[in-house]
Amino acid sequence: MATVARVGCASARPGGVTLGAHIGDNARMRLPPTPQRRSIDGFSLMEILIALAIVGVLATLALPGLYDGLVRDQVIESSPLIDTARKKVAAYWAGSGTMPRNNLDAGLPAPDKLVGNYVRSIVVRDGVIDVEFGNKASGALAGKILTFRPAVVEDTPMVPVAWVCAGSAPPGGMSVRGEDRTNVPSPVLPVNCR
């Protein structure tokens, strides 16, 4: 028997011919995909599309909750300006036993002068504070009103004023003054205002 040397190889293998040894790895035949080999080939287009559809559905479900949280943050960021008005109304009640009729009586500037990033105006009417949102407020909040009503113990101005935000329940033993004019959507209200 003749011995044939492998191309590019220093040694010969007795007893037969070797094909495609160092001629190049590309010379080997590619085997058709089998179920075992398919897993290493990657994802099919259909699998990628299904994964994208699932991610899209999950994102659609999550976005309203994120948006409501962002709008709620705008209401909360307006708190320092609102607290200014609440303190003035509470001081007026403690000093006189009555509620201020308007901003001037409460010692506050005109409604259109009490403004902030998200607040267009703050109006005091008979002790009730109406906050109108605007300026940089989101579309869901712009032009909407959030009402803070004073809750007091009648004929006892030395008891501090408790504030009832929107439609929340008043504290026991106190009476709430004024009308709630809140039209801010409930999902974007802070927890203490629901």
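The values are calculated or read from the model by the stated rules, or taken from the named source; none is laboratory data. Here the structure is a predicted model, which is why all the values come from computation and not from measurement. Counting neighbours? That spans all protein chains shown, and the Cβs are built from the backbone with ideal geometry, glycine included. When the accessible area is computed, the model is the full protein with side chains, heavy atoms only, and any ligands, DNA or RNA have been set aside. Shrake-Rupley method; radii C 1.70, N 1.55, O 1.52, S 1.80 Å.
Annotation: residue 68 fulfils all but one of (1) touching a residue at least 40 places away in the same chain (Cβ under 8 Å); (2) open to solvent by 50 Å² or more (accessible area, probe 1.4 Å); the unmet one is (2).
Do we find that residue 78 is surrounded by 11 or more Cβ atoms within 10 Å (Cβ to Cβ) and either small (Gly, Ala, Ser) or at pLDDT below 75 (or both) in this structure? Walk me through how you get there before you give the answer.
On the way: surrounded by 11 or more Cβ atoms within 10 Å (Cβ to Cβ): yes; either small (Gly, Ala, Ser) or at pLDDT below 75 (or both): yes.
Spelling it out, residue 78 is indeed surrounded by 11 or more Cβ atoms within 10 Å (Cβ to Cβ) and either small (Gly, Ala, Ser) or at pLDDT below 75 (or both).
Kindly establish whether residue 62 is modelled with pLDDT under 95 and assigned to a loop (DSSP other than H, G, I, E, B). Taking the combined requirement at face value, the residue does not satisfy it.
Residue 158 satisfies every condition listed in (1) outside any strand (DSSP E or B); (2) of a type outside the set (Ser, Thr, Tyr); (3) under 22 Å from the mean Cα position of the chain (by Cα) except (3).
Among the residues of the range 101-128, those identified as in a loop (DSSP other than H, G, I, E, B), of a type in the set (A, V, I, L, M) and crowded, with 20+ Cβ neighbours inside 10 Å are 108, 114. When the criteria are applied in full, residue 145 fails the requirement of being open to solvent by less than 10 Å² (accessible area, probe 1.4 Å) and within 29 Å of the chain's Cα centre (by Cα).
Hey, among 154, 132, which residue is acidic (Asp, Glu) and surrounded by fewer than 16 Cβ atoms within 10 Å (Cβ to Cβ)?
154
Tell me, which residue of the range 165-194 that is of a type in the set (Ser, Thr, Tyr) and outside any loop (DSSP other than H, G, I, E, B) is modelled with the lowest pLDDT? That would be 186.
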